[in-house]
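Here the structure is laid out as structure tokens; the discussion comes afterwards.
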Amino acid sequence: MQQINDLSARIAPYQEQIKAAVNRVVDSGWLVLGPEVKQFEAAFAAYLGAGECISVANGTDAIELGLKALGVAAGDSVATVANASMYTTTALLAIGAAPFFMDVDLDSRCATLAEVTRALDAGVKAVVVTHLYGLAAPEIAAIADLCAQRGVPLFEDCAQSHGAMVDGKRTGTFGAASSFSFYPTKNLGALGDGGAVVTSDPAIAQRMRALRQYGWADKYKVQVAGARNSRLDEMQAAILSAFLPGLDAANARRLEIAERYRAGLSHPDVAVPNAAGAAYVGHLYVVRSARRDALRAHLREAGIASEVHYPIPDHRQPVFGERFAGLRLENTEILAAEILTLPCYPEMSDAAVDRVVAAVNGWDK
């Protein structure tokens, strides 16, 4: 069976570095917020070209605490997309904030300048732009400029875009702050959960460090409300430091696979993404078909796994009941019915990619 991802293949070349990282932490006896965390935070901030990186326990905590560090509070309206599987929306609900859902562009699947303008005109307290499937939102620079002009903080969700660039600038450095996930399947993934908030604003960084550790101003002195215990442990930080130097090469291989798909897929009922170049790091390769479920069944019979990222838009999730029953996000809803993710990970061989291409092209027309 051709898998969507193969983490064992990813881990195998790093066995010695992983063992060395784990042994280094065990020998040090320092397991939480020690030198490995500091080293990784500094290295990742430098890689992005950002001022500071504050690591936390997971990517969703990074969104929630990052937004709190920007001043988002209960009752605030925050703009977000509805096609990224509730992660930002879950964080907003935990804060007590209200999501203001934006529609997305059919091709990029990301928020647009027009939709951000609509949200700002409605009076949102903050804007969250998700760089989805590994593609930097094409209008992110213009969106950042507009938010700055309006005095509304922009927060970037970069859980799927580690290393993507627009005009030489990496995602995560356009807004006031950004979040990253280091879940194992991410372009830069740990061997467990992990996340981070990145910012070049020292005041935001200071609030984040308090928010991730009980709200401490000093040890045992709780000063910042809304905090929790959310820390990346030393072992995961050490492992991420081992993986970070290989991130760009892994992203380049993802792009090679994406290009092989683009060049090879020719079924008339399957639309391939336009994403390419430095703005795309191939986190997921997502095609569209009006007969998505039939295609998925065909691939399953051919021994090829596929997935739907994501089948239920946020505004249609049962948790909301009828709250957004009258809201129509046309492009978001079209995409939810048509998208299908094909296998795409750096260790995937050309032969495996060609097998997927042949299966898709051989689907009953």
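Read-outs throughout are calculated quantities, based only on the coordinates presented, and are distinct from any laboratory measurement. Model, not experiment: these values are computed from the prediction. With ideal geometry, Cβ positions are generated from the backbone for all residues, glycine too; neighbour counts draw on all protein chains shown.
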*Add +1 for every Lys or Arg and -1 for every Asp or Glu among the other residues with Cβ under 15 Å from the Cβ of Gln149, and state the total.*
-2
*Calculate one ³J(HN,Hα) per residue across segment 71-80 by plugging θ = phi - 60° into the Karplus curve 6.51 cos²θ - 1.76 cosθ + 1.60, and present them in order as whole Hz with x for glycine and proline.*
x, 5, 9, 3, x, 6, 9, 10, 6, 7
*Of the residues Pro153, Pro35, Pro202, which exhibits the maximal mean-square fluctuation in a Gaussian network model of the chain defined by a 10 Å Cα contact cut-off?*
Pro202
*When ranked by the protection proxy of mean other Cβ atoms within 10 Å per residue, highest first, what sequence do the peptides 111-119, 157-165, 144-152 form?*
157-165, 111-119, 144-152
*asked:* Restricting to lysines 8 or more places apart or on different chains, can you count the pairs in the chain with Cα atoms under 22 Å from each other?
replied: 8
*Ala20: net charge of surrounding residues, Cβ under 13 Å, Lys/Arg +1, Asp/Glu -1, itself excluded?*
-1
*What list of ³J(HN,Hα) couplings, whole Hz, do you get for segment 56-66 from phi and the Karplus terms 6.51, -1.76, 1.60, once you set θ to phi - 60° and write x for glycine and proline?*
9, 6, 6, x, 6, 4, 4, 5, 4, 5, x
*HN-Hα J couplings of segment 107-118 from phi, Karplus 6.51/-1.76/1.60, θ = phi - 60°, integer Hz, Gly and Pro as x?*
7, 7, 6, 10, 4, 10, 4, 5, 6, 5, 4, 4
*Assuming a viscosity of 0.692 mPa s and a temperature of 37 °C, what translational diffusion coefficient in µm² per second does Stokes-Einstein assign to segment 119-253, Rh being the Kirkwood radius over Cα pairs?*
203
_Let me check I've understood the local charge: for Ser178, count other residues with C-beta under 11 angstrom from its C-beta, Lys and Arg +1, Asp and Glu -1. What total comes out?_
-1
*Given the options Ala42, Ala122, Ala136, which has the most mean-square fluctuation in a GNM of the chain, springs set between C-alpha atoms less than 10 angstrom apart?*
Ala122
*So who's got an amide H within less than 5 Å of the one on Val78, skipping anything under 5 residues away but keeping other chains? H placed 1.01 Å off N, in plane.*
Ala98, Phe100, Lys125
_For a protection proxy built on the mean count of beta-carbon atoms within 10 angstrom, sort 300-309, 80-89 highest first, please._
80-89, 300-309
_Total charge dipole magnitude, the chain, about the Cα centre, Cβ charges on Lys, Arg, Asp, Glu only, Debye to nearest 20_ = 500
*Would you mind classifying the chain by shape? Square roots of the alpha carbon gyration tensor eigenvalues, ordered a ≥ b ≥ c; an a/c under 1.5 is rounded, otherwise it is prolate if a/b is larger than b/c and oblate if not.*
oblate
